[in-house]
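Take a look at the structure set out below.
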Amino acid sequence: MTCAIYPGSFDPVTYGHIDIIKRAANMVEQLTVSVLNNSTKSPLFSVEERVKILEEVTRDMPNVKIDCFSGLLIDYASNVNAKVIIRGLRAITDFEFELQMAQTNRKLNPYVDTMFLTTSLEYAYLSSTTVKEVASFGGDIAKFVPPFVAKKIYSKYGISKNHNV
Ligand code: PNS
C-alpha cells in the first residue's frame, strides 16, 4: 500500500493546498495531511483548529486522513510508515528551500522520498500568509479559501462580513 504524507503549517488551508491534496490523493492509496505543531511560530489557528478545518475540507475524500506532528518530519514519516512526502511547488522561489529540505530528509532516511507537485497555475500566487494579510484588512478572500474558512479567518481578526460566508 502506498502511503504518503502531505505536511505543512496549513495556517490556514487554501485552495492551493486543497488542489494538491486532491491530486496527491488520486495517486496514492492513503494520504495523510499532517499539520506541524511548531511552538516557535505564533499561528493564527491552533493545531486543533487547523486539523478540524482540514477534516471538514477533506470530508468527501475517503483515502485522506488528517493528523498533526511535532519534531522531525522524517521521523514522523517513519512512524506512520509513509514512503513518500508530498510537497507543492508554486514558483522558483519555493525551489531552493524545498530542495534543501528534501535532500536533508533523504540523507536522514533514504527510504523516504519527497515528491513535488507543481501548483495549478490558478493558485501559483497563493499563500496562507497573503490570505491572512488581505483578510486582516477586511479584503475579499473568497477566491483564496472555502467560504467556511474565510468566515473563521475574519472572525479571528474580529471582522464581521456581510458576504454569504
Ligand atoms: O507549510 P510549510 O510551513 O511550508 O511546511 C513546512 C514543513 C512543516 C514541511 C517543515 O517546516 C517541516 O518539515 N518541519 C518539521 C521539522 C523538520 O523536519 N525540519 C527539518 C527539515 S530539513
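The values are calculated or read from the model by the stated rules, or taken from the named source; none is laboratory data. Computed from a predicted model, the values in this text were never measured in an experiment. Note that we place each Cβ from the backbone using ideal geometry, even for glycine, and neighbour counts take in every protein chain shown. Accessible surface is based on the protein model in full, side chains and every heavy atom, while ligands, DNA and RNA are left aside. Shrake-Rupley method; radii C 1.70, N 1.55, O 1.52, S 1.80 Å.
In this rough spin-label picture, where each label sits 7 Å from Cα along the Cβ direction, the LYS83-PHE116 distance is 2.2 nm.
Our coupling estimate for the stretch 79-96, obtained by passing each phi through the Karplus curve with A = 6.51, B = -1.76, C = 1.60 and θ = phi - 60°, is 4, 9, 6, 8, 9, 10, 10, 9, 9, x, 10, 8, 9, 4, 5, 6, 5, 4 Hz, Gly and Pro reported as x. As a fraction of the 1.4 Å probe accessible area of the chain, surface on carbon and sulfur atoms comes out at 52 percent.
Set the Förster distance to 35 Å, then compute FRET efficiency between MET61 and ALA91 from the Cβ-Cβ distance, nearest 0.05.
0.85
Decide, for the chain, between rounded, prolate and oblate: order the square roots of the alpha carbon gyration tensor eigenvalues as a ≥ b ≥ c, take rounded if a/c falls under 1.5, and otherwise choose prolate if a/b is larger than b/c, else oblate. Judged from the Cα gyration tensor, the chain comes out prolate (a/c at least 1.5, a/b above b/c).
Give, as a single signed number, the net charge of other residues whose beta carbon lies under 15 Å from the beta carbon of THR2, with Lys and Arg counted +1 and Asp and Glu -1. Show your work: numbers first, answer last.
Numbers: positive: ARG23, LYS65, LYS83; negative: GLU29, ASP113.
So the environment of THR2 carries a net charge of +1.
Scanning residues 5 or more positions from LEU117 or on other chains, those with amide H under 5 Å from its amide H are ARG87, GLY88, LEU89, with H placed 1.01 Å from N in the peptide plane.
Between LYS156 and ARG23, the modelled label-to-label distance comes to 2.5 nm, taking each label 7 Å out from Cα in the direction of the beta carbon.
Listed peptides 55-63, 149-157 appear in the order 149-157, 55-63 once ranked by packing, highest mean of other Cβ atoms within 10 Å at the front.
Counting each DSSP H run of 4 or more residues in the chain as -39500 (n - 2.57), what helix-only mean residue ellipticity at 222 nm follows after dividing by all residues, to the nearest 500 deg cm²/dmol? So the helix-based figure for the chain works out to -12000 deg cm²/dmol.
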